[in-house]
Amino acid sequence: MTGIIILATFMGIIIIAFASIIQKKLADSIILFMGVGLGSVVLFFTFKAPDVALTEAVIGAGISSLIFLMALKHLGEKV
């Protein structure tokens, strides 16, 4: 059962990463990038590393995505 969860999550991360690459809008790409981070959180919890999962959730999916979105807002339509 755990193997199925790991495989499904890993495949989901890869699909979301490719979708993030091919997006036309930068904001959509950043939001999908956040999904990759959240998928990593699920994998870390599955691999019984809750400390790494919480760090990834806070820094990887949370703060870095927020910084990217703030930078995008600051740049406006220049990009």
Report task. Please give the peptides 36-48, 20-32, 52-64 ranked by average Cβ packing (other Cβ atoms within 10 Å per residue), highest first, as a rough proxy for protection. Result -> 36-48, 52-64, 20-32
Query raised in the report: How long is the gain from residue 46 to residue 24 if the chain were fully straight, where each residue apart is worth 0.36 nm and the alpha carbon distance is subtracted?
Result: 4.6 nm
Query raised in the report: Roughly what would the spin-label model give for residue 58 and residue 7, points 7 Å off Cα along C-beta, in nm?
Result: 3.5
Report task. Specify the angular offset, from 0 to 90 degrees and rounded to the nearest 10, of the alpha carbon long axis of helix 2-22 from the longest principal axis of the alpha carbons in the chain. Result -> 10
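By per-residue mean of other Cβ atoms within 10 Å, what is the highest-first order of 67-74, 8-15?
Result, highest mean Cβ count within 10 Å first: 8-15, 67-74.
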Query - Average Cα contact separation per residue, the chain, under 8 Å, 6 or more apart, as relative contact order % - result: 28
Query raised in the report: (1) 20, 43, 28, 9, 1; (2) 12, 24, 16, 8, 8, 15, 14, 3; (3) 14, 21, 23, 17, 20, 4: which one is P(r) over Cα pairs in 10 Å bins from 0, in percent as calculated from this entry?
Result: (1)
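Quick check: residue separation of residue 71 and residue 17 times 0.36 nm, minus the Cα distance between them. What number comes out in nm?
Full-extension gain reported as 17.4 nm.
No lab work stands behind these numbers, since they all come straight from the coordinates. This is a predicted model, so every value here is computed, not measured. Note: ideal-geometry Cβ built from the backbone for every residue, glycine included; neighbour counts use all protein chains shown.
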